[in-house]
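The values are calculated or read from the model by the stated rules, or taken from the named source; none is laboratory data. Since we're looking at a predicted model, the values are computed, not measured. Here the Cβ positions follow ideal geometry from the backbone for every residue, glycine too, while neighbour counts run over all protein chains shown.
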Amino acid sequence: MAAQSSPSRPRTARRRKHFSLAEANNSLPLVSRVVRDIAEHHRAAVEMQVRLESAITSKQMAEFRNNLESSLERMQEYVDELTKLGVELKDPETGLVDFPGMHQGREVYLCWRLGEEKVEHWHELHAGFSKRQPASLLEEGGL
């Protein structure tokens with residue numbers, strides 16, 4: 001008699017973590033280290049791409065290609081680590097990340113960039129970096 005398989009259960013969408021401003025700032029020691037590593041591997045990958053394009057010998061091409069792939073793989077591991085933390089990478093070159101947060105009962109992004117001391121800005125989901133506003137205007141509570 002064949003074993004019966006259980007009916008597949010519908011997958012429930014994972015709820016996205018929302019950070020308070022304090023939680024985002026408390027996570028910065030780890031997040032900043034990960035983002036710094038991403039930016040370094042991004043720079044290395046760009047450099048290897050330039051070298052690959054100007055390689056003369058097949059030996060050089062293989063070496064540069066291996067180094068490029070290694071940098072990209074390592075960078076992806078760091079991006080995956082950020083994702084597990086609930087943080088979204090927006091720009092690997094500048095180290096720009098967004099923390100999902102809440103403002104007046106709706107979802108927004110708390111915005112931070114490598115080199116900034118703390119999370120001091122937020123913006124609407126579709127507004128982007130250029131439209132970020134000071135955290136002093138953030139109303140994390142409900143309506």
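What tally of residues in segment 11-42 results from selecting those that are in a helix (DSSP H, G or I) and more than 16 Å from the chain's Cα centre (by Cα)? Of the residues in segment 11-42, 4 are in a helix (DSSP H, G or I) and more than 16 Å from the chain's Cα centre (by Cα). If the condition is being loosely packed, with under 14 Cβ neighbours inside 10 Å and assigned to a loop (DSSP other than H, G, I, E, B), then segment 45-67 contributes S54, I56, T57. S58 - would you say it is of a type in the set (S, T, Y) and over 27 Å from L30 (Cβ atoms)? So S58 fits the description; yes. Taking residues in segment 16-38 that are on the phi < 0 side of the Ramachandran plot, and partners anywhere that are assigned to a helix (DSSP H, G or I) and aliphatic (A, V, I, L, M), the pairs with Cβ atoms closer than 6 Å and at least 6 places apart or on different chains are L21/A135; V34/L82; I38/M75. H42 meets the conditions (1) farther than 30 Å from E139 by Cα; (2) surrounded by fewer than 18 Cβ atoms within 10 Å (Cβ to Cβ) in every case but one. The failed one is (2). Sort out which residues of segment 121-140 are in a helix (DSSP H, G or I) and surrounded by fewer than 18 Cβ atoms within 10 Å (Cβ to Cβ), and write them in order of number. Passing the criteria: F129, S130, K131, S136, L137. Quick one: in segment 84-108, of everything that is among the hydrophobic types (A, V, I, L, M, F, W, C) and touching a residue at least 40 places away in the same chain (Cβ under 8 Å), which residue is nearest to H41 (Cα to Cα)? Per the stated criteria, the residue is L89. Could you say whether any residue in segment 3-25 is closer than 27 Å to L110 by Cβ, exposed (fewer than 10 other Cβ atoms within 10 Å of the Cβ) and at pLDDT 85 or above? No.
Going through segment 76-120 one residue at a time, which ones are assigned to a helix (DSSP H, G or I) and crowded, with 21+ Cβ neighbours inside 10 Å?
Y78
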